[in-house]
Amino acid sequence: MFLLLPNTQTTRFEERDAPLFQQFMEQYSPGTEVIVRNAEGDPDKQQDQVNDAITQGASAIVLVSADANLASGSLALAEQAQVPVVLYDHDAKDGTAAAQVVFDSREVGKEQGDRAAELISAMPDGVVKVARIKGNPGEYGTEQYQLGQDEALQPLIDSGRVEVVCDQNITNWDPVEGQSFMEDCLTSNDNDIDLVVSMNDGLAGAAIAALTTQNLQGVVPVTGGQDANVEALQYIIQGYQDNTVFKDLSQEADAAAQIVAALVAGDEVPADLINGTVDNGAMEVPAAFLSVENVTIDNIQDVVDADTWTWDEICQGIESTDLCAANL
């Protein structure tokens, strides 16, 4: 079977998801070979990889779409060849899939929005100028993150407490494009920004890079990360990033492996794993929604306890910070 990854910019897929999924597949379907390919951000390349997987006799495909809006051709190829597709993390629109495994995207956005609102409430009276840097346009996840964020942020915008001075979706979550957007935002506002609300750790890091060029890192809070990348945790410890939404990737890889193992064996998707659906425009895809947790400097230990990173890994290069000194 094939695990098809979307890009190299979102580092978690290569560094964490792929090895975890391979480990769980060995547990649930011993002897099933897992071949990993990366589309490097190119939907056409990913469709070629789907076609190649089918040609090589794939028993199943786990697809992390490079672009949800351009994935219908890949889904059509797999359906025609009767190769089951399990969507992993990203959605894929306008086609058939056996199941989707995803963290509860709206809850991710709600955690992000609630934390941003908490920071805003602690700021001095007056208008809070906010820059919003959002994910790939049209993706299910991006749309759900915004809905979740807006539960807390929209009332603040409507009341006049918050003014959104910059707001942009970033194609394919590209940090390079994200940094460019933030640099332009800072320039157009004469650096007068009070808060950055992002949607994942890559974009939070892009915002921090832009702030660093103006010596504003740690001065302007950056919130709304997700994935608990080691770089994000380091930024949190250093005071450059406020939070990240922790998604225990071992849970996601575990659920996906259980589903794929069942499909490879000719069985149905395990009903006990499915707790909702995702509308991809062609069907209601059976979904396994997983829980999330907001992480700030106060509870990084939870990430360590989940065996995601060790303190040695988190603190590499920042050993002298107070938190690292206390945990090494």
Task: Top positive-direction residue, dipole computed over the range 1-116 with Cβ charges, set SER59, ALA78, ALA97 - done: ALA97
Open item on the list: Can you find, among GLN258, LEU203, LEU216, the residue sitting farthest towards the positive end of the charge dipole of the range 180-288, where Lys and Arg contribute +1 and Asp and Glu -1 at Cβ?
Closed with: LEU216
TODO: Calculate what fraction, in whole %, of the accessible area of the chain sits on carbon and sulfur atoms when a 1.4 Å probe is rolled over the protein chains.
DONE: 44
Task: Other-chain or far-sequence residues with amide H under 5 Å of VAL36's (modelled H) - done: LEU3
Open item on the list: Using only the Cα atoms of the range 1-72, what are the Rg and Dmax in Å?
Closed with: 12.0, 34
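Under a 1.4 Å probe, what is the accessible area of the range 218-281 per residue, stated in Å²?
On the way: 2160 Å² over 64 residues.
Per-residue value: 34 Å².
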- [ ] Using only C-alpha atoms and all pairs of different ones, pull out the Kirkwood radius for the range 150-219 in Å with one decimal.
- [x] 12.7
TODO: May I ask for the angle, rounded to the nearest 10°, between helix 175-188 and the longest principal axis of the chain, with both axes built from Cα atoms and the value confined to 0 to 90°?
DONE: 30
Task: Value of Rg to Rh for the chain (Rh from inverse mean 1/r over Cα pairs, i.e. Kirkwood) - done: 0.99
TODO: Can you tell me what the convex hull of the Cα atoms of the range 249-328 projects to on average, as an area in nm²?
DONE: 7.9
- [ ] Please compute P(r) over all alpha-carbon pairs of the range 1-122, binned at 5 Å starting from zero, and give each bin as a whole-number percent.
- [x] 2, 11, 20, 22, 18, 11, 6, 4, 3, 2, 1, 0
Open item on the list: Please give the Cα centre distance for the range 154-178 versus the range 105-121, rounded to the nearest Å.
Closed with: 13
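Any of LYS134/LYS247; LYS45/LYS247; LYS45/LYS93 with alpha carbons more than 24 Å apart? Name them for me.
Values: LYS134/LYS247 18 Å; LYS45/LYS247 28 Å; LYS45/LYS93 17 Å.
Beyond 24 Å between Cα atoms: LYS45/LYS247.
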Open item on the list: Using a Cα-Cα cut-off of under 28 Å, which lysines could be cross-linked to LYS129, ignoring same-chain neighbours fewer than 8 residues away?
Closed with: LYS110
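About the Cα centre of the chain, how large is the charge dipole given +1 on each Lys and Arg Cβ and -1 on each Asp and Glu Cβ? Please answer in debye to the nearest 20. Working shown, then result.
Details: 13 positive and 56 negative charges, 60 e Å.
With Lys and Arg at +1 and Asp and Glu at -1, about 280 debye.
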Open item on the list: Can you give me the angle between helix 201-212 and the longest principal axis of the chain, using Cα atoms only, in degrees from 0 to 90, rounded to the nearest 10?
Closed with: 30
- [ ] Compare ALA131, ALA60, ALA282 in a GNM of the chain, Cα atoms joined below 10 Å, and give the one with the largest fluctuation.
- [x] ALA282
- [ ] Taking 7 Å along the Cα-to-C-beta vector as the label spot, tell me the ASN299-THR212 distance in nanometres, rounded to one decimal.
- [x] 2.8
Task: 17 Å cut-off, amide nitrogen to a point 7 angstrom out along ASP279 Cα→Cβ, residues in the range 137-169 - done: 138-148
TODO: Percent of Cα-Cα pairs per 5 Å bin, from 0 to the last occupied bin, for the range 178-328, please list those.
DONE: 2, 9, 16, 15, 14, 12, 11, 9, 7, 4, 2, 0, 0
TODO: Determine the principal axes of the Cα atoms in the range 113-166, then give the extent along each, sorted from largest to smallest and rounded to whole angstroms.
DONE: 36, 19, 17
- [ ] Kindly provide the pair-distance distribution of the range 59-110 built from C-alpha pairs, with 5 Å bins from 0 and whole-percent values in order of increasing distance.
- [x] 5, 22, 30, 22, 11, 6, 3, 1
Task: Rg ratio (alpha-carbon, reference 2.2 N^0.38 Å) - the range 175-256 - done: 1.15
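The values are calculated or read from the model by the stated rules, or taken from the named source; none is laboratory data. No experiment lies behind these values; they were computed from the predicted model shown. When we count neighbours, we look across all protein chains shown, and the Cβ atoms used for this are built from the backbone with ideal geometry, even at glycine. SASA here: full protein model, heavy atoms, side chains in, ligands and nucleic acids out. Shrake-Rupley method; radii C 1.70, N 1.55, O 1.52, S 1.80 Å.
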